[in-house]
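For reference, the structure discussed in these notes is given below.
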Amino acid sequence: MKNWPEPFNLVVCGVGGQGNILISRIIGRILTAQGYTVSIGETFGAAQRGGSVFSSLRISEERLYGPLIPEGQANVILSLEPMEALRQMKFLGNPQVRVLSNTKIVQPADVLTGKVTYPGIDKLKSAIAHLSKHAWFVPATDIALDLGSAIVTNIVMLGALVGSKTMPISLKQAEDEVRATIPDAQIELNLEALNRGYQTTLGADAA
Amino acid sequence: MHKLLTDKAGEQMLLLGNEAIARGAIEAGVAFTSTYPGTPSSEISTSFFQMAQESDLYFEYSTNEKIAMEVAAAAANCGVRSMCVMKHVGVNVAADALMTLAYVGVKGGMVIVSADDPFMFSSQNEQDNRFYAKMSGLPMVEPSSVEEAKDLVTYAFELSEKLNEPVLFRTTTRINHSTGIVTLGKIRKPVIKGDFTKDPLNLVTVPAVARKLHVKLLENYDKALQLAEASEYNLISGRGKWGIICNGVSYNYVNDAIKDLNLADKIKVLRIGFSHPLPPNLIKKFIKNCEKVLVVEEGEPYMEEAVKAMAQEEGLTLEIKGKAKDLFTRLYEYNPGQVRQCIATFFGLDYTPPAAVDVSDVPPVPQRPPTLCAGCSHRATYLEVKKAAEGMETVYPTDIGCYTLGLLPPLSTADFLLCMGSSVGTSGGFSRVTDKKVVAFIGDSTFFHSGIPGLINGVYNNHNFTLVILDNGTTAMTGHQPHPGVDMTKLRLEGYGRVSIEAVVKAIGVKYVTVIKPYKVKKSTEAIKEALNYKGVSVIISEEPCALYAKALKMPQRKPFRVSEKCKDHRECINQMACPAFYIWDEKVNIDPDMCTGCAVCAQICPENAILPVKETA
């Protein structure tokens, strides 16, 4: 990949049910159409609902890579929940990693019942910024709710990824793939979500 | 048209491993398919289910894996290409059929998919099903990538027809649930109808026939050996004095490590894709030219032990290792870093793993285990059983499904679990040897799968327990597959029968049967109390559709609830239920209206009646 690491390793993570699989597949298809060899490893199944989930994408111009990213070798982490970004950074992170994270927190059961403490969004943000080369914090759930449904949070984050220019994906390519993937009745909402996410990072200074 | 039915050879598609396997079966002209759903195999059969609705393909969700194997075995004995799909522990259920099917064999190709789950992402054990190949004497193949998974299916069907016996197709979660690029091949036109020719002296396994068939199985084994020796799926790459023998997904990690460690001119690799029977001549030839050999295989030392035995036969004394204290473990799935480290250790390479991220200044990250969904009816039933059993000493045998998550606090309603159906069987034992009240939980699909014999046993042997059947109208955990209790017309599918759980329970002879609607807390709790006080076998059927499934089917949705100013912060709601729709903000309990399904269970346990429906906005 000219100007991109070889292979390029992307992590898409979040809480089971937030739609990380859908966006990792959309990204995978966009890159496949450009001729890259893509391999995606996933954790999923209804049995993962509410739990930590992640997809690893390995993108290459040369050959097929195994579906899992070796420790410390993520290039970009795209997270639908801030604590999940930090969880992945601990194993896959490195000083050069770029991170895009939703700011909406999701409290695990042990946090609700007071057994453990959630780190808090400010602490999370500074830890993520401290451990990364660049970090973008996107109020993706707020934007999605503003558009009418939290369900498009993942597509807002996809837009943010495209706007950050951290990967070889253009807005046009993302729009085309969203059109091809999403059922007709939802396309407009999703395109709007994509564009709103795109605007949040386009030309924005990273933290 | 279903994307996997696309008849455009040469086209490239990004597919999930399981979709690639289903596509491979279509390309091989499969006509008859069956399954009992189980992660990580489920999407193979979901694809078949969808395709069967728009093609000549026959597909069924069978009651359990044994039945799935039996229906497919019969089809294959009529000359029809068949595939049955299950997770690794499903093969245990089907093993009775499998061991003798190996003797009887097949006429048309038959492929049995065993989806193993190293690390137990969604399973109760991580058994290595390569030993089923060894035990049954049947051939086994294993892919290393998504694309290869597709092509290997056609190979497996051809192999099956060459040997006239079923072929085991073993995957691991990391192949089933990986996504990769696949080049579509030609679709072979399926032969839908077969014919059965009577041949009892070869097909009815009375002892005299079975003695003859075992001889045939061993002859077939020798033929399979020859095919394994020549198989293009046992492939050698690279050159050098050091050898690595590997299989499955590990092949990718080995290749990654060879690149990372610059070992391309030092190591040659034998990748085993046809893993039973292992090809002795190929392996012996490979290791003869090596100074030392490392075996990289997740799970048990299946290949390692065989390779060591082959070396002994050849009088070779080179070092062969795999599972060892300082090398590979039998535990869990492998990862690229682990494989790289073990290769460096075994071959004595100077290697420092990348520095770990310095997390000294970083806040600890709490664990996030999976939970029951917001509005899950299981949570309501558990809450009510606990209320009804207050003051009683209880044992809660549980079963396989989403509801096993009742294990976690604050619900804590799972005490013992072995396998599908074990909640009912173990209840008999617990109630005989303790004086505790035994309350068992089983899902609707699991009840059909293997709960019924246990319940018959309870009635016959006059055990004393309460069985709660959690009937959410679907096989929820594996992605909402139907089961015999489902009204298929609601899925707009004709031609199915329907079995009533209540009628089955009554027909078995259970004297105390009651049906509850778990969102009605008070009424349900009282009904459960009565059932718990019954001496003998009592059954409670808790009926409420899976909240996620109801949403997917566009069933009428209830209004979400909110915490009003009347809240005095008792936190009964959170401490008893921990529904994920709750969140704490500014030290107060809130409900996320986007997650709340309006089940109103929390509203019924709030001591201040402070939880109210969200008002319509003007």
Fill in: Enumerated helices (runs of 4 or more DSSP H) restricted to the stretch B:9-109, each holding at least 2 residues that are among the aromatic types (Phe, Trp, Tyr)
B:42-52
Response to the item:
Pairs returned, first residue in the stretch B:324-338 that is assigned by TED's automatic domain parsing to the domain that holds B:GLU300 and within 17 Å of A:ARG58 (Cβ to Cβ), second residue that is polar (S, T, N, Q) and not in a helix (DSSP H, G or I), beta-carbon separation under 8 angstrom, 6 or more apart or interchain, are B:GLU333/B:THR172
Discussion item. Condition first: open to solvent by less than 30 Å² (accessible area, probe 1.4 Å) and either of a type outside the set (Ser, Thr, Tyr) or not assigned by TED's automatic domain parsing to the domain that holds B:LYS162 (or both). Now tell me which residues in the stretch B:111-126 satisfy that.
Written reply: B:VAL111, B:ILE112, B:VAL113, B:ALA115, B:ASP116, B:ASP117, B:PRO118
Worksheet item: If you go through the stretch A:128-146 one residue at a time, do you hit one that is at the interface with chain B (Cβ under 9 Å from one of its Cβ atoms) and farther than 24 Å from A:LEU22 by Cβ?
Response: yes
Fill in: Subset of the stretch B:537-553 [open to solvent by 50 Å² or more (accessible area, probe 1.4 Å) and charged (D, E, K, R)]
B:GLU543, B:LYS551
Worksheet item: How many residues are under 25 Å from B:ASN335 (Cα atoms) and part of a helix (DSSP H, G or I) when one looks only at the stretch A:85-132?
Response: 10
Worksheet item: Out of curiosity, is B:GLY443 under 17 Å from B:ALA503 (Cα atoms), touching a Leu at 6+ places or on another chain (Cβ under 8 Å), within 14 Å of another protein chain (Cβ to nearest Cβ) and open to solvent by less than 10 Å² (accessible area, probe 1.4 Å)?
Response: yes
Worksheet item: Of these, B:ASN164, B:ASN202, B:ASN176, which one is farther than 20 Å from B:PHE32 by Cα, away from chain A (no Cβ under 14 Å), in contact (Cβ under 8 Å) with a residue 24 or more places away in the chain and of a type in the set (S, T, N, Q)?
Response: B:ASN202
Worksheet entry | Selection count, the stretch A:143-161, where residues are in a helix (DSSP H, G or I) and either open to solvent by 20 Å² or more (accessible area, probe 1.4 Å) or in contact with a Ser or Thr (Cβ under 7 Å, 6 or more places away or on another chain) (or both) | 8
Fill in: Lone qualifier among B:TYR334, B:TYR302 - being in contact with a Ser or Thr (Cβ under 9 Å, 6 or more places away or on another chain), open to solvent by less than 50 Å² (accessible area, probe 1.4 Å) and within 14 Å of another protein chain (Cβ to nearest Cβ)
B:TYR334
Worksheet entry | Residue among B:ILE258, B:ILE267, B:ILE236 that is touching a Leu at 6+ places or on another chain (Cβ under 7 Å) and of a type outside the set (Ser, Thr, Tyr) | B:ILE236
Practice prompt. Just need a number here: residues in the stretch A:15-26 that are within 11 Å of the chain's Cα centre (by Cα) and facing chain B (nearest Cβ under 10 Å).
Written response: 2
Worksheet item: For B:SER412, which of the numbered conditions (1) closer than 29 Å to A:GLN88 by Cβ; (2) surrounded by fewer than 24 Cβ atoms within 10 Å (Cβ to Cβ); (3) within 14 Å of chain A (Cβ to nearest Cβ) fails to hold?
Response: (1)
Worksheet item: Before we move on, is B:GLU526 part of a helix (DSSP H, G or I) and open to solvent by 50 Å² or more (accessible area, probe 1.4 Å)?
Response: yes
Item to complete: State all residues of the stretch B:430-459 that are closer than 17 Å to B:VAL395 by Cβ, of a type in the set (Phe, Trp, Tyr) and in contact with a Ser or Thr (Cβ under 6 Å, 6 or more places away or on another chain); if no residue qualifies, say none.
Response: B:PHE441
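Could you identify the single residue in B:GLY391, B:GLY375 that is within 13 Å of another protein chain (Cβ to nearest Cβ) and either more than 22 Å from A:GLY66 (Cα to Cα) or not in a helix (DSSP H, G or I) (or both)?
Step by step, each of B:GLY391, B:GLY375 is checked, and only B:GLY375 is within 13 Å of another protein chain (Cβ to nearest Cβ) and either more than 22 Å from A:GLY66 (Cα to Cα) or not in a helix (DSSP H, G or I) (or both).
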Worksheet item: Taking B:LYS506 and the conditions (1) part of a loop (DSSP other than H, G, I, E, B); (2) free of Cβ contacts under 8 Å to residues at least 24 places away in the same chain; (3) open to solvent by 20 Å² or more (accessible area, probe 1.4 Å), which numbered condition does it fall short on, given that it satisfies the others?
Response: (1)
Fill in: Condition check for B:LEU225: more than 30 Å from B:GLU319 (Cβ to Cβ), in contact with a helix residue (DSSP H, G or I) (Cβ under 8 Å, 6 or more places away or on another chain) and surrounded by 15 or more Cβ atoms within 10 Å (Cβ to Cβ)
no
Discussion item. Can you tell me which residue is least open to solvent (accessible area, probe 1.4 Å) among those in the stretch A:88-103 that are facing chain B (nearest Cβ under 10 Å) and farther than 16 Å from A:LEU10 by Cβ?
Written reply: A:LYS90
Practice prompt. Return only the number of the condition from (1) surrounded by 14 or more Cβ atoms within 10 Å (Cβ to Cβ); (2) free of Cβ contacts under 8 Å to residues at least 24 places away in the same chain; (3) outside any helix (DSSP H, G or I) that B:GLN341 does not satisfy.
Written response: (3)
Practice prompt. Go through the stretch B:228-251 and give me each residue that's open to solvent by less than 20 Å² (accessible area, probe 1.4 Å) and in a loop (DSSP other than H, G, I, E, B).
Written response: B:SER231, B:GLY248, B:VAL249
Practice prompt. Output the residues belonging to the stretch B:252-276 that are under 15 Å from B:VAL293 (Cα atoms), within 14 Å of chain A (Cβ to nearest Cβ) and buried (at least 24 other Cβ atoms within 10 Å of the Cβ).
Written response: B:VAL254
Discussion item. So, restricting to helices (runs of 4 or more DSSP H) that lie completely within the stretch B:136-219, which ones have at least 3 residues that are out of contact with any helix residue (DSSP H, G or I) (no Cβ under 7 Å at 6 or more places or on another chain) and surrounded by fewer than 24 Cβ atoms within 10 Å (Cβ to Cβ)?
Written reply: B:146-163
Item to complete: Filter the stretch B:4-33 for residues that are away from chain A (no Cβ under 14 Å) and either open to solvent by 10 Å² or more (accessible area, probe 1.4 Å) or without any contact (Cβ under 8 Å) to a residue 24 or more places away in the chain (or both) and give the result.
Response: B:LEU5, B:THR6, B:ASP7, B:LYS8, B:ALA9, B:GLY10, B:ILE26, B:GLU27, B:PHE32
Item to complete: Return the only residue of B:MET1, B:MET51 being open to solvent by 20 Å² or more (accessible area, probe 1.4 Å), within 23 Å of A:GLY28 (Cβ to Cβ) and not polar (S, T, N, Q).
Response: B:MET1
Response to the item:
Output for Cβ contacts, cut-off 6 Å, separation at least six or different chains, first residue basic (Lys, Arg) in the stretch A:122-133, second surrounded by fewer than 15 Cβ atoms within 10 Å (Cβ to Cβ), reads A:LYS133/A:GLN96
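The values are calculated or read from the model by the stated rules, or taken from the named source; none is laboratory data. Note that this is a predicted model, so its numbers are computed, not measured. Reconstructed Cβ throughout: ideal geometry from the backbone, glycine too, with neighbour counts over all protein chains shown. The protein model used for the area step is the full one, side chains on, heavy atoms only, and it has no ligands, DNA or RNA in it. Shrake-Rupley method; radii C 1.70, N 1.55, O 1.52, S 1.80 Å.
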